[in-house]
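Written below as structure tokens is the structure these notes are about.
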């Protein structure tokens, strides 16, 4: 979901850790042969090879195995792979004649196709994901491949979260801005959790987990959220329920006693609260209210969140200076809440489809 994006050219100070953005690294343990075989009509004499492209992104082109199609149009590649991963099967090393594969230890993959239909109708068999891969290649070569692939990926990932081919499905789950909605992202989270449980330690699982971090951050920074009932402490130690504050703007400071930037931000938060009696200012101690902080995905503090009518309008980590906080309040007050509610309702209907 993404309705409102606030951009501040202000240096923010926060207590948090940087995220390692590396993906897929080579693993040392290699077990169980993988066999890829079949017939490719009119392919006699052509080279067929298997590459590991995501290792290539680290600066080294990795060709796992290669062979020559025999005079009977048959081939057989025997190799080993470091567990579940993403690979490319190529004819004559051509990018235009390339198939995307997911392979795991012990896989016995077969193809029955022709040079002309190598990428459109590979006719896979022998692995659990063969039907998905065949459908994928057919859609990929259709006129509306982008739109169709996104819908197909969403459907199949939701139906079978542990499918190895979800590595490839996930690349098309969110093809454009309209696909970045809460329903699609939730499907990605479910697949990521399934891979974590069923393929522990695999590079795809690690990559899914890293992407999950970024997607959660995306949702936090670019979305409105309908939030559950929560109780808040004001600077005057009053306890307020969010549902009792209908029609009011509520600014919440997520903090902790050990956080230096939180302590530095506290006087600013209190000063500005005195200048805006029409707004509720509240604080959440993340050490004492861990469940509440976890619900809102608080990873760095201080984090400031803004609510109205149990809708989250803004959430960002960092200690805003007083002018920045005043500017945020001005922007929040300019929002058309009828339009906000309309957008939230429309997104809810899309997510339910």
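Values in this text are rule-based calculations from the coordinates and carry no lab data. The shown structure was predicted, so the numbers you read here are calculated from the model rather than taken from an experiment. Neighbour counts are summed over all protein chains in view; Cβ atoms, including those assigned to glycine, are modelled from backbone coordinates with ideal geometry.
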Residue 266 and residue 71 label points (each 7 Å along its Cα→Cβ direction) are spaced in nm at 8.6 nm
FRET efficiency (residue 131, residue 216; Cβ distance; R0 41 Å; to 0.05) is 0.80
In whole angstrom, the spacing between the Cα centers of the range 121-168 and the range 297-346 equals 39 Å
1/(1 + (r/R0)^6) with r = Cβ-Cβ of residue 198 and residue 175, R0 = 35 Å, i.e. FRET efficiency to nearest 0.05, evaluates to 0.85
tail above 19 Å in the computed P(r) of the range 29-223, as % of all Cα-Cα pairs, reads 61 percent
With label points set 7 Å from each Cα along the Cα-to-Cβ direction at residue 341 and residue 114, the distance between them in nm comes to 6.2 nm
To the nearest 0.05, the calculated FRET efficiency linking residue 78 and residue 121 through their beta-carbon distance, R0 being 30 Å, is 0.75
